[in-house]
Amino acid sequence: MKKILVISALLIGAIAVRADESAFQASLTPGVAYKSKDTVITGFAINIWGENPQHSFNLGIVNGSTGESSGFSLGIVNYAESYSGVQWGLVNYTSDTFVGFQHGFVNANKETKGLQMGFFNYTEKMDGVQIGLINIIKDNGWFDEFPSKLAKGFPIVNWSF
């Protein structure tokens, strides 16, 4: 009996999270969800449209991440304030800094550190590589003196370090 109690206590301690955190989220909209939109998700989220601060795997149609979030977002639309990890969807957008790998039809960020792969890739600042049909780095020091400053965008590949 002691062994069962000790093992149970260890398991509860291992999966316990703080009161403002949850290991699971299910969301129809940010206002209609298992956990409130202020709860930090630290495990798995399944969303029609979800929006939380997260450090988790997010699977859904629209995955929104607030604050400084991280993990893997797989959906049709993935958006975040600041994100580290992987965003894989048709549209991936980060309003501040993205660090990691984005794969989608459209990838757009204020600042990117990593790799963007898609049909259309846009970032204001980049420390990395873009691969796609249309690749634009607004502030790209590599091409400042290119003829008439045309080369902020390139087909196939663009980079800035």
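Would you kindly derive the ³J(HN,Hα) couplings of segment 68-74 from the backbone phi angles with the Karplus curve 6.51 cos²θ - 1.76 cosθ + 1.60 (θ = phi - 60°), listing them in order in whole Hz, with x for Gly and Pro?
8, 10, 8, x, 10, 10, 10
According to the square roots a ≥ b ≥ c of the eigenvalues of the Cα gyration tensor, what is the shape class of segment 18-89, taking rounded for a/c under 1.5, prolate for a/b larger than b/c otherwise, and oblate for the remainder?
It is oblate, given that a/c is not under 1.5 and a/b is not larger than b/c.
Relative contact order (percent) for segment 69-123, with alpha-carbon contacts under 8 angstrom and 6 or more residues of separation? Each step should come with its number before you reach the end.
Values: 153 pairs, mean separation 13.9, N = 55.
So the answer I get is 25 percent.
For segment 98-107, in order, what is each residue's ³J(HN,Hα) by Karplus, 6.51 cos²θ - 1.76 cosθ + 1.60 with θ = phi - 60°, in whole Hz (x at glycine and Pro)?
The phi angles translate into 10, 10, x, 10, 10, 10, x, 5, 10, 10 Hz.
FYI, it's all coordinate maths here, none of it is from the lab. Please read all numbers here as calculations on a predicted model, not as lab measurements.
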